[in-house]
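Student: Structure in structure tokens, see below.
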Amino acid sequence: RTMSRLLDGATEGKLAQRGATNRELLQLALQLKSTAAGRDETEFRVTLNGQDYILFLQDVGGLIDLNTAAPDMLERVVDEFDLGPEAMTDYIAWRRSGRRLLRVGDFLRVTGAGQERLAELQAIATVHSGRHGIAPDVAPAGVVALLGVAELPPAWLSPPSGVNYAVGLREGTGARRIGVVHLGQAVGDGRVLGE
């Protein structure tokens with residue numbers, strides 16, 4: 001029991017440290033992107049507490065919003081993740097009850113899917129754009145490939161956000177999303193939308 005408590009304590013400590021580091025990295029990303037306003041910089045190398053990180057920013061206008069996307073676009077996501085027809089039915093019923101997703105991972109929970117594909121879903125989806133479609137000029141290749149059409153229907157088109165950015169962290173050969181930032185109208189006016 002003592003070993004179990006020690007391991008639990010160590011794990012909690014590591015999770016708390018990772019959360020604190022993620023929050024600091026999000027604040028750095030917000031500051032760096034705000035000062036780079038008007039330039040198309042989307043990747044930043046930063047040093048925090050003696051450790052080097054590579055942060056990348058993705059305009060959320062290029063991602064599929066799981067709260068507001070066109071139904072046929074959401075069906076493509078459900079098909080891509082092999083969630084089955086009942087997943088879409090469950091999700092629609094859940095949304096009609098007046099709820100909204102707060103994190104991309106909530107979509108997997110609501111549809112009954114496992115969290116093991118969270119990073120994959122985060123690469124193509126958001127809950128912070130508020131759009132029915134995507135901006136193809138800022139969309140990652142994974143989103144364009146998922147939608148699988150040469151020319152998107154007008155209902156699937158929307159402009160880039162220009163103010164909301166998903167922030168990711170490159171680690172070795174992989175990457176993970178750590179949150180979303182909103183630049184605001186003026187320098188220093190931005191905020192972290194979610195982790």
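The values are calculated or read from the model by the stated rules, or taken from the named source; none is laboratory data. Values in this document were obtained by computation on a predicted structure and should not be read as measured data. Cβ coordinates were reconstructed from backbone atoms using ideal geometry, including for glycine residues, and neighbour counts include every protein chain displayed. The protein model used for the area step is the full one, side chains on, heavy atoms only, and it has no ligands, DNA or RNA in it. Shrake-Rupley method; radii C 1.70, N 1.55, O 1.52, S 1.80 Å.
Student: Which whole-number percent is the relative contact order of the chain (Cα, under 8 Å, 6+ apart)?
Tutor: Averaging sequence separation for qualifying contacts and normalising by length gives 28 percent for the chain.
Student: Around Val144, what is the net charge, scoring Lys/Arg as +1 and Asp/Glu as -1 over all other residues with Cβ under 15 Å from its Cβ?
Tutor: Counting the neighbours of Val144, the net charge comes to -3.
Student: Keeping the other protein chains in place, figure out the carbon and sulfur percent of the accessible area of the range 1-92, with a 1.4 Å probe.
Tutor: 50
Student: Could you report the chain's accessible area per residue, 1.4 Å probe, as an integer in Å²?
Tutor: That works out to 56 Å² for each residue.
Student: If I model a spin label at Thr89 and Asp8 as a point 7 Å from the Cα along the Cα→Cβ vector, what separation in nanometres do I get?
Tutor: Between Thr89 and Asp8, the simple spin-label model gives 4.0 nm.
Student: Full extension from Ala145 to Phe56: what is 0.36 nm times the residue separation minus their Cα-Cα distance, to one decimal in nm?
Tutor: 30.0 nm
Student: Quick check: from the Cα gyration tensor, does the range 61-136 come out rounded (a/c under 1.5), prolate or oblate?
Tutor: Verdict is rounded for the range 61-136.
Student: If you don't mind, there's one more thing I want to ask. Can you tell me what percent of all Cα-Cα pairs in the chain are more than 24 Å apart?
Tutor: Here the long-distance tail beyond 24 Å is 45 percent of all Cα pairs in the chain.
Student: Please work out how much length the chain gains when fully extended from Asp137 to Arg99, using 0.36 nm per residue of separation minus the C-alpha to C-alpha distance, in nm with one decimal.
Tutor: Difference between extended and current length: 10.6 nm.
Student: Say R0 is 25 Å: what FRET efficiency, to the nearest 0.05, do Arg109 and Thr47 get from their beta-carbon distance?
Tutor: 0.10
Student: Grab the beta carbon distance between Thr35 and Arg170, set R0 = 25 Å, and tell me the FRET efficiency rounded to 0.05.
Tutor: The formula returns an efficiency of 0.75 here.
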